[in-house]
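No value in this document is a laboratory result; all are computed from the given coordinates. All values reported here derive from a predicted model rather than from experimental measurement. Please note: Cβ atoms are built from the backbone with ideal geometry, for glycine as well, and neighbour counts cover all protein chains shown.
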Amino acid sequence: MKPEETSSLYYSDYLELDKILGSQHPKSDGKTDEMLFIIIHQAYELWFKMVIHELDNVRAIFDTDHVQDNAGDMSIAVHKLKRVTRIFEVINRQVDILETMTPMDFLEFRNLLLPSSGFQSLQFRIIEAKLGLKMDQRYKANYYKNTRPGGFNQQDYDSITAVESEATLKSLVTKWAERTPFFDESLWEEFQSQYPVEKGEQKFWSDYKHTYKESLNGPVELRQMDELERIFYNEGLGEFSMEAMRAVLFIMMYRNLPIFQTPFDLLTTLINVDEMLSQFRYKHMLMARRMIGMRVGTGGTSGAGYLDGALRQHYIFKELTEVSTFLVERSKLPDLPKSVKEKTSFNI
Ligand code: HEM
């Protein structure tokens, strides 16, 4: 670009600061902390916008039949998801600034805000929905479904349900996991089973099952075998099919193989994103309790009770954390045949 083409660009015009800085209109007089309250919310919403932008980029990478694991697409996706976790780290700390406002300072203007509430944050709901949280999985789903004052307006409600009907990051990751090519029977012909192979079972998985069983201690832990059968050999878990769950377990167990390092990074980053959202909900819940005690929320929910329920229930990638139940010691892992090692190395 030539210098004369850029010379007319002015800092505040480029950033449209007149709009952003002209958008703080407290309802109370200038003596309250309402300016702080507004700016904190706006800062959150700006960062939410950035998170949505990155989630869209990541979903676009996975929205194909063949993610280029070797060609860098996967590491771009992981990089962007790590950015999302960093953003949440920063915005979660903003609660500290808001907490310099005391509960009585808040009371000075709280009633002027009724019935609006952070509950109605469309962008926060879109983040949850794009990751994979569905309306019916939400705590007290009925809070979301009515469009009374305090709830969503019809337009926002429609936007959230429209996002829910798109491919979520969770569903795309599930499909990606299902496509991993490591259980093609031809790769496992030379696999040396340590145990008698169960009828109809793939040799590796038959051996893994025995190894896992041996790692369990006592009758209580042995009950995990029923869960193992259900999750990895029959139904799958939640949105993850049996095939997807096997792929995730395999990646987690053999994460040191070169080709699995980025997929493993992806899985742990997804767990981190979930954790950062939970930290948001947790810090926000403590802050809300401290500000309003057990009063109902301005959005008309039970307040602290609702926030606690959402915190406990709104995990999105819980299937991934559950896989840890089924890991075995690295030294006990079945050795992989040469054909699989070759397929999982970069030198092919
Ligand atoms: C004085 C400070 C705050 C108080 C007392 C407060 C209180 C509440 C309460 C009681 C709810 C439950 C819904 C309701 O009935 O209103 C809620 C929801 C929510 N608030 Fe706040 N809030 C505060 C600040 C913030 C800030 C700064 C944000 C940043 C965006 C925020 C975002 C949210 C979100 C996203 C929800 C929905 C949470 C979920 O469903 O998991 N709140 N808030």
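This model, with +1 at the C-beta of Lys and Arg and -1 at the C-beta of Asp and Glu, gives the range 247-348 a dipole about its Cα centre of some 280 debye. Computed from phi, the 3J(HN,Hα) profile of the range 79-85 under the Karplus parametrisation 6.51, -1.76, 1.60 (θ = phi - 60°) reads 4, 5, 5, 5, 4, 4, 5 Hz, with x in place of Gly and Pro. Charges were assigned to the Cβ only: +1 to each Lys and Arg, -1 to each Asp and Glu. The resulting dipole of the chain about its Cα centre is roughly 880 debye. For Lys31, the aspartates and glutamates whose Cα comes closer than 20 Å to its Cα, not counting residues fewer than 8 places off in the same chain, are Glu99, Asp105, Glu108. Charge tally around Ser241: other residues with Cβ under 11 Å, Lys/Arg +1 each, Asp/Glu -1 each, net -3.
Sorting the segments 291-304, 210-223 by their mean number of nearby beta carbons within 10 angstrom, highest to lowest, gives 291-304, 210-223.
In the chain, if the dipole is taken from +1 on Lys/Arg beta carbons and -1 on Asp/Glu beta carbons about the Cα centre, which of Ile39, Met50, Tyr212 is farthest to the positive end? Ranked along the dipole, the leading option is Ile39. For the peptides 265-275, 26-36, residues were scored by their other Cβ atoms within 10 Å and the scores averaged per peptide; the highest-first order is 265-275, 26-36. Counting charges near Gln224 (Lys, Arg +1; Asp, Glu -1) among other residues having Cβ under 15 Å from its Cβ returns a value of -2.
Listed values for the range 127-139 are Karplus-derived 3J(HN,Hα) couplings in whole Hz (6.51 cos²θ - 1.76 cosθ + 1.60, θ = phi - 60°), namely 4, 4, 5, 5, 5, x, 7, 9, 3, 6, 8, 6, 5, and x replaces Gly and Pro.
Our coupling estimate for the range 40-53, obtained by passing each phi through the Karplus curve with A = 6.51, B = -1.76, C = 1.60 and θ = phi - 60°, is 4, 4, 5, 4, 4, 5, 4, 5, 4, 4, 5, 4, 4, 4 Hz, Gly and Pro reported as x.
When peptides 181-194, 10-23 are sorted by average Cβ neighbour count within 10 Å, with the highest value leading, the order is 181-194, 10-23.
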